[in-house]
Amino acid sequence: MAASGRVRHLAVLRLAGATRRQVLRLAAAEALTAVAVGALLGLLVTVVNLAGMWGALALLSVRPAVTLPWQALGTTTGACALLAVAAATAPPPSPCATARRTWPGSASSPSGPGRSHHETNRGRPPTVGP
């Protein structure tokens, strides 16, 4: 769930009486469900791919030992689960972090009407800072 969507859901669930901990648990469960569905779909694609490979090799009279890559699937699923839960339960960004900054010389600059930032600082040493 995106951060802005999570903020809206948190507000709605709070109005319904849910605590912050309950909402975070719900978000983590939702993330784990998405990872589990993705792992199952990945396993299905792997099985179909390996069945096709086994069938093609059988046509060539080769009996290979085709096995599923369980370790790779488990490692990938575990890493995805950790990242999904961390992303789902991370606090949303503060409004200050996403606010637009006003840069010197922009339309809303306090330099004055019709004057650029450089004209207002004429004769003063340049300043360093944000």
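Observations on the structure shown:
- Among the helices (runs of 4 or more DSSP H) confined to region 1-96, the ones with at least 1 residues that are modelled with pLDDT of 85 or more, of a type in the set (A, V, I, L, M) and under 15 Å from the mean Cα position of the chain (by Cα) are located at 20-59, 70-89.
- Scanning region 11-21 for residues that are open to solvent by less than 80 Å² (accessible area, probe 1.4 Å) and among the small types (Gly, Ala, Ser), we see that the one that is farthest from THR76 (Cα to Cα) is GLY17.
- Close Cβ contacts (under 6 Å, 6 or more residues apart or on different chains) running from residues in region 22-37 that are surrounded by fewer than 13 Cβ atoms within 10 Å (Cβ to Cβ) to residues that are modelled with pLDDT under 85 and outside any helix (DSSP H, G or I) are absent.
- Here GLY105 fulfils each of the conditions (1) at pLDDT below 90; (2) at negative phi; (3) open to solvent by 50 Å² or more (accessible area, probe 1.4 Å) apart from (2).
The values are calculated or read from the model by the stated rules, or taken from the named source; none is laboratory data. Quantities reported herein were computed from a predicted structural model and do not represent experimental measurements. No Cβ is skipped: glycine too gets one built from the backbone with ideal geometry, and neighbour counts run over all protein chains shown. Quick note on the areas: whole protein, heavy atoms, side chains included, nothing else; ligands and nucleic acids left out. Shrake-Rupley method; radii C 1.70, N 1.55, O 1.52, S 1.80 Å.
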